[in-house]
Amino acid sequence: MWIFYAFLVHVLLLGSILVINFRSTVIKGLQPQTPLLAYDLNPPATRLVLFATDGLRAASFFEDNCRHVPHLREIFMREGLVGISRTRAPTESRPGHIALLAGFYEDPSAVFKGWKGNPIDFDSVLNRSGYSFSWGCPNIMDVFKKVTKRGGSVHFHPFNDDVYETARWATYRLDEWVFSQVSALLDRIKNKWNTFSTVVFFLHLMSSDRAGHVHKPGTILFQKSLNITERGIWEMYRKFEETFPDKNTVYLLTSDHGMTDTGIHGSGTAHEIETPFMLWGAGVSRIASTVGARKFVANDEGLQLPLHELEQAQLTPLMSALVGLPPPMNNFGTMPTGYMAVSEEYEAMAAHSNALQLLAQYEKLLEQHRQGFFADFLNNFDQLSPAEIKSYKKLILNLHTRRAYSESLARSNVVMELTLKGIDYYHGYYRNCLLLSTTATFLGWIFYLYRLLSRNTAGKLQIMLEKQEKVCRITLDVSMFLLLFFLVAQRAPIAIAFYLLLPMPVWMMALKPKACGSTSASVPSSQPGVTARMTSASQLLLIIVCAELMVFTFFERRLISLCFVAFGFYNNWRNFVPNSREFYTWLALVIILACFPLLPLSEGYQNWYLFLSGIVLVFLRAFWSKKRRFSYSYHTKYCNALILLNTIICAYFDSEEYDIPILLYLASWSFLIYAFVSILMNKESNFEQRLDQICFNLGSLHALLSTSYESVFVQLLTMELSLSLAATNSAKSVPRVAFSILLYTLFSFFGMESFESVDNLFDSNSGRCFLWQYAPYITMGLVLLKHSLPVLLNMSIFYTHCEYARQREKRIFICILFICNIMGLNFLFLVRNQGSWKDMGASIINFYIMGLITLIIVLLSWVAQLLLGLIAIVYRQV
């Protein structure tokens with residue numbers, strides 16, 4: 001029954017982080033604010049032209065006194081504002097453009113779509129405008145096209161694959177296509193357009209991002225691409241002015257994110273989050289009244305201009321105000337003060353519209369919170385109560401009546417800051433409670449596992465639980481009823497209510513005296529309670545310490561070497577005969593293996609010499625012993641020898657970029673089937689001989705999937721484990737065996753890889769002997785098989801050389817589960833919903849791995865028993 005409980009509890013715990021950390025921050029059911037024109041305030045511009053230079057960092061724009069943007073320099077030396085816009089991680093194209101046009105950064109719930117899209121629709125400047133025209137990359141066009149509910153007034157023009165292919169190296173051709181399309185449109189509508197309509201032109205210019213990835217920022221080819229793009233922007237500016245000579249057009253040049261010197265982005269370094277912005281045209285100030293003290297050198301003559309700084313999301317309400325639109329409904333940006341050359345009344349009213357738009361989101365959250373019966377008795381965001389909101393709205397009316405626009409602007413800015421704090425407060429209202437309840441669930445489940453480990457013991461804990469059974473049951477029943485009543489009355493969301501209630505049934509199960517299948521009366525009096533407790537309780541602290549040490553290896557894989565060496569010396573040093581050949585062989589293996597986590601990650605790293613060494617080592621290990629040579633059947637010898645030769649040929653052809661013959665691919669797939677079937681069909685009953693064939697077949701299969709040192713590492717690891725277990729006369733400690741299995745499982749992975757990214761699952765190099773064309777899901781399956789084989793080999797060795805592991809299998813797995821849950825509790829608090837996709841993904845993977853690793857070990861142990869022929873004779877003693 002404990003297996004069912006384990007499966008159910010772990011599924012629920014795995015889902016908990018999604019409820020705690022990845023609920024959407026996009027608020028639904030909002031209404032747009034009134035346009036400024038309705039207040040008889042004419043906007044300074046009726047057209048907005050947004051040049052979004054994808055991937056252009058601020059350093060490239062301002063480099064060498066803006067030498068690489070000479071045409072744009074002519075403009076900002078004459079008019080407008082220029083500065084730095086700071087975005088936030090993840091510095092990727094989709095969230096960056098949403099921050100520009102919708103005013104909010106990455107929605108945590110995007111994890112449910114693999115960060116490929118937004119699961120909840122949102123509003124944008126394109127939606128608010130009378131008309132909008134967009135050109136650029138299909139991925140960016142689709143982001144806004146999917147959330148646009150209007151008809152023919154919103155137009156999207158993505159380029160096709162042919163355009164992208166022609167720009168593989170000549171990256172500027174992507175922007176040239178956009179410029180040509182925009183120019184054609186302007187030619188068609190010249191002297192025909194209703195100048196009273198608000199129009200947004202969105203030009204997504206992708207060449208900077210493409211050039212940065214291909215050529216790297218700072219190179220001559222990148223600068224050439226940037227020169228062509230900036231000249232094209234200048235020509236587009238002249239074309240717009242020629243088409244619309246009424247001087248009612250405002251222009252904004254900026255970027256979604258920056259890029260590092262190595263041509264990557266996604267994290268939060270200065271080069272990645274700092275992007276340039278250049279604002280000029282109708283309604284733009286020459287110098288903002290709120291500019292700081294920073295300046296930049298604008299030309300070779302040493303002219304210094306003010307460097308304006310703002311947050312990327314602030315550009316959204318600023319763009320909206322310049323063309324008289326209300327901010328998008330989901331906007332979290334605050335309009336910067338002093339950037340518009342407009343009347344005090346207009347700027348104050350634009351700030352007020354921005355504040356009302358933010359207050360609408362805050363009031364929506366507040367309304368949801370105050371629906372509950374106990375809302376008045378719970379914590380609230382006291383700095384911005386409903387009465388203060390009402391007072392603010394009355395105050396603004398009064399100030400505008402008295403023409404106190406400066407005071408109105410200042411008050412709106414204060415309210416916007418408080419509103420953003422309030423929105424953050426209610427978005428995270430249940431987060432700490434959920435963390436606390438999930439922690440309680442973890443502790444209850446860990447306590448249940450502890451009782452399973454210490455079952456059949458007449459300890460004080462068991463006796464106390466029997467005596468207090470009625471008190472515990474009544475206390476938990478009443479607590480659960482009261483909590484359920486509170487959550488229903490408070491109208492808490494169902495998912496949140498569920499996880500707040502979850503600790504109760506888990507603790508009911510853990511505290512139930514007969515939950516673990518024994519009572520104090522069922523334990524013979526000859527079993528001393530103290531001795532029995534020493535089997536588990538005295539080692540509890542040691543298990544916790546070891547688990548905590550293992551947590552650090554997930555963030556620094558080199559630490560696994562320290563754990564491996566320390567545990568190896570502690571566990572095996574005294575088991576060998578001093579100064580014996582076995583002792584020095586084992587010691588050398590431990591030292592060599594400890595060096596592997598210091599090497600580069602194996603996926604994506606190729607080394608021909610280490611690769612060949614692994615193949616030679618597989619062959620030598622199989623035939624080094626005379627006993628082994630005669631234990632193999634003829635087909636085992638020849639099939640493995642031929643497949644190792646096939647591996648070398650395939651690797652050579654791949655490295656030289658020759659076509660691999662189809663027969664070699666067929667041979668690899670045939671051996672994949674043969675490796676397992678031949679072991680299962682082997683009628684040999686001797687564990688040692690079956691293990692030899694398992695190591696030979698699976699070692700050859702692993703070499704077939706290797707690219708560098710992986711095969712060397714796995715062969716040395718299995719040799720060290722075999723020596724260690726052969727030297728151990730008797731292992732009579734469940735925690736020690738359990739920790740050994742877990743350590744070798746993690747070491748077999750961290751010795752070659754890390755959990756930082758899922759990208760390695762799709763590394764095509766691992767499937768080079770199997771696939772003639774890239775197939776992502778088959779590649780992922782082959783990579784998973786590659787990482788499973790070392791664990792399968794380790795489990796086979798444990799079952800062969802450690803009889804205690806066969807006898808105490810159930811308790812060992814419970815102890816592994818116990819250790820993994822202690823580690824999982826750590827990772828619960830390390831899950832991130834902000835930062836780069838890589839960091840967020842790694843924190844999720846770490847938590848999920850600890851929830852699934854016991855299941856993985858159990859499944860692979862079952863396969864190991866099947867290969868060893870142990871299924872029919874496995875012990876059931878606990």
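Assorted remarks:
- Overall, region 49-338 carries a charge dipole of about 480 debye about its Cα centre when +1 sits on the Cβ of Lys and Arg and -1 on the Cβ of Asp and Glu, all other atoms neutral.
- Highest-first arrangement of 236-245, 796-805, 650-659, where packing means the average Cβ count within 10 Å: 796-805, 236-245, 650-659
- Ordering 845, 496, 778 from the fewest to the most neighbouring beta carbons within 10 Å gives 778, 845, 496.
- Lys/Arg +1, Asp/Glu -1 at C-beta; the chain dipole; positive extreme among 270, 781, 179: 781
- On the principal axes of its alpha carbon atoms, region 49-338 extends 51, 44, 38 Å, with the longest extent given first.
- Values of log10 I(q)/I(0) for region 536-868 across q = 0.06 Å⁻¹ run -0.21, by the Debye formula with one identical scatterer at each alpha carbon and no solvent.
- Residue exposure proxy: 427, 204, 271, ordered by other Cβ atoms within 10 angstrom of their Cβ from fewest to most, comes out as 427, 271, 204.
- Using C-alpha pairs below 8 Å separated by at least 6 residues, the relative contact order for region 49-338 is 36 percent.
- Under the convention that each Lys and Arg Cβ holds +1 and each Asp and Glu Cβ holds -1, the size of the dipole of region 536-868 around its Cα centre is about 1240 debye.
- Selection of chymotrypsin sites (Phe, Trp or Tyr not before Pro), region 355-391, meeting DSSP coil and at most 16 other Cβ within 10 Å: 373, 374
- Assigned charges on the beta-carbon of Lys, Arg, Asp, Glu; the chain dipole about Cα centre (debye): 3020
- Distances between every pair of Cα atoms in region 64-134, grouped in 10 Å steps from 0 to the bin holding the largest one, split as 16, 33, 31, 17, 4 percent.
- Signed unit charges on C-beta, dipole axis of region 254-378, positive-most listed residue 334, 280, 313: 334
- Shape metrics for the chain, restricted to C-alpha atoms - Rg then Dmax, Å: 33.2, 103
- Relative contact order computed over the chain (Cα-Cα under 8 Å; 6+ residues apart), in percent: 14
- Over 23 Å (Cα to Cα) - which of 145/192; 28/838; 224/247; 637/683; 190/247 fall in this group: 145/192; 28/838; 224/247
- For residue 84, residues with placed amide H under 5 Å, excluding near neighbours: 277, 308, 309, 310
- The residue list 349, 13, 725 was ranked by how far each Cα lies along the charge dipole of the chain toward its positive end, using unit charges on Cβ atoms, and 725 comes out on top.
- Residue order, fewest to most beta carbons within 10 Å, for 784, 559, 81: 784, 559, 81
Values in this text are rule-based calculations from the coordinates and carry no lab data. Only a predicted model underlies this, so the values are computations on that prediction, with no experimental measurement involved. In this analysis, Cβ positions are derived from the backbone assuming ideal geometry, glycine residues included, and neighbour counts consider all displayed protein chains.
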